[in-house]
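Everything below concerns the one structure shown next.
Just so you know, all these numbers are worked out from the coordinates, no wet-lab data involved. Note that this is a predicted model, so its numbers are computed, not measured. Because the Cβ atoms are built from the backbone with ideal geometry, glycine has one as well, and the counts that use them run over all protein chains shown.
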Amino acid sequence: MGCTNDAPVEDSLALCLVAPTSPWKPKSVNEIAMDFLQYRPSPHFAAKVETLLMTGVDAIVADFDRTITESSSPASFWLLREVIRIGRADLVAPLDEAYMAASEELDRLYASREHEPHHTFAELSAICDEWWERAFDIIAQYRVSAGVFSVPFLHPDTSGLMPIRPGMIELMHGADAWRVPFIVFSAGIGDVVCACLRSYGLSFGRMEIVSNMCRFEEDGRFHGRLENSEVIHSFSKNERHLGGLDRFSLTNRSNLLLFGDSLGDAGMVSDAEGRTVIRVGICTATNPETIERYRQMFDVVLMPDEVDQFCRWISTLLLADQWKTED
């Protein structure tokens, strides 16, 4: 069944997302109300949307932890310790409570330094370089097998630890149907990201994952990050890491949607000449100063409970014109 103009807006959204042959196409940014947003988009938002309406969306770039996943989800870096915390250490053996304690101590050591206001951007990047490398080293000490990153998603006690936002699921399915590349750009553990997406059936031909991928020895034991790869962390997520995309290079892609939940995510892609980027930031902060910083970095700032509706709104508005219909 396709969408019809007679259907209520909410029903139209749901139907359009599963039926990309629908002829329904919004014509302007004002056609669907955005009164569900707590914070007004930037003055440039409407013009950017109109540009993408006219010329199409070339790619979507999205952070993973707490952007694709729910804001309450543990970061992919620490999923394994969350499994231990809920009493299922047997699923991730030989990792144990000593590993959990060591990883938490690492957080305490570096997290406070990350937020010290006197650090320059270069200093913050160096702090995170060291933090991420040491986090991988802790896991490597246990010589875990490759399967340890997938097991939590296969057991009923732990499969729900990293829930994915329903709106993001629909957006990814829609992007695949509309033949729009979807780039997952994560500072977490790439193997966990891949396992989580597979557990939701979100593995598409037009999807690429850029993250800290793991390296395994011949016996299948974890040995650290992939050799000859620069660590990806909160302060190094920029387009340099996307230069090696196998199939969907951004070099000649002018119209991009970007989703992230940290201020650093706003810089995942650049404002190259002739490029239009709509930056969508998910903010969990409550203090006005931080929220204002998000509003300066992103074209639209969402509270966590607004994400699903916005994903449906932006999908319907921007991607409808890209639907491929059969005569």
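Here are the numbers for this structure:
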{"read-out": "Amide hydrogen neighbours beyond the local backbone of Thr276, cut-off 5 Å, H modeled", "value": "Asn255, Leu256"}
{"read-out": "Helix axis angle, 307-319 relative to the chain longest principal axis, alpha carbon, degrees", "value": "50"}
{"read-out": "Linear extension gain, Thr51 paired with Glu130, 0.36 nm per residue minus alpha-carbon span", "value": "24.3 nm"}
{"read-out": "3J(HN,Hα) from dihedral phi, the range 188-196, Karplus parametrisation 6.51/-1.76/1.60, rounded to Hz, x for glycine, proline", "value": "x, 8, x, 5, 5, 4, 4, 5, 5"}
{"read-out": "Contact order relative to length of the chain, as percent, for alpha carbon pairs under 8 angstrom and 6 or more apart", "value": "27"}
{"read-out": "Ser145 long-range amide H proximity, modeled H, under 5 Å", "value": "Phe222"}
{"read-out": "Charge dipole of the chain about the Cα centre (unit charges at C-beta), most positive-ward option of Met303, Leu79, Pro94", "value": "Met303"}
{"read-out": "Calculated [θ] (222 nm, deg cm²/dmol) that DSSP helices of n ≥ 4 give over the chain, each run adding -39,500 (n - 2.57)", "value": "-10500 deg cm²/dmol"}
{"read-out": "Among Ala75, Ala272, Ala102, residue whose mean-square fluctuation peaks in a GNM of the chain (springs only between Cα atoms under 10 Å)", "value": "Ala272"}
{"read-out": "For the range 76-153, Kirkwood radius (reciprocal of mean inverse C-alpha pair distance, Å)", "value": "13.5"}
{"read-out": "Residue order, fewest to most beta carbons within 10 Å, for Glu170, Glu97", "value": "Glu97, Glu170"}
{"read-out": "Folded to 0 to 90 degrees: helix 97-114 orientation relative to the chain principal axis, Cα", "value": "60"}
{"read-out": "Charged-residue dipole, Cβ positions (Lys, Arg, Asp, Glu), the chain about Cα centre, Debye nearest 20", "value": "460"}
{"read-out": "Solvent-free Debye scattering, log10 I(q)/I(0), computed from the Cα coordinates of the chain at q = 0.06, 0.09, 0.10, 0.12 Å⁻¹", "value": "-0.22, -0.49, -0.60, -0.86"}
{"read-out": "Phi to ³J(HN,Hα) by Karplus 6.51 cos²θ - 1.76 cosθ + 1.60 over the range 253-258, Hz, x for Gly, Pro", "value": "10, 9, 10, 10, 9, 10"}
{"read-out": "From phi via Karplus (6.51, -1.76, 1.60), per-residue ³J(HN,Hα) for the range 86-96 in Hz, x at Gly/Pro", "value": "8, x, 10, 4, 4, 6, 10, 4, x, 4, 9"}
{"read-out": "On Cα atoms only, tilt of 166-177 relative to the major axis of the chain in degrees", "value": "70"}
{"read-out": "Long-range amide H partners of Val61 with built H, under 5 Å", "value": "Ile183, Leu257, Leu258, Phe259"}
{"read-out": "Label-point gap, in nm, between Ala98 and Thr120 - each point 7 angstrom along Cα→Cβ", "value": "4.1"}
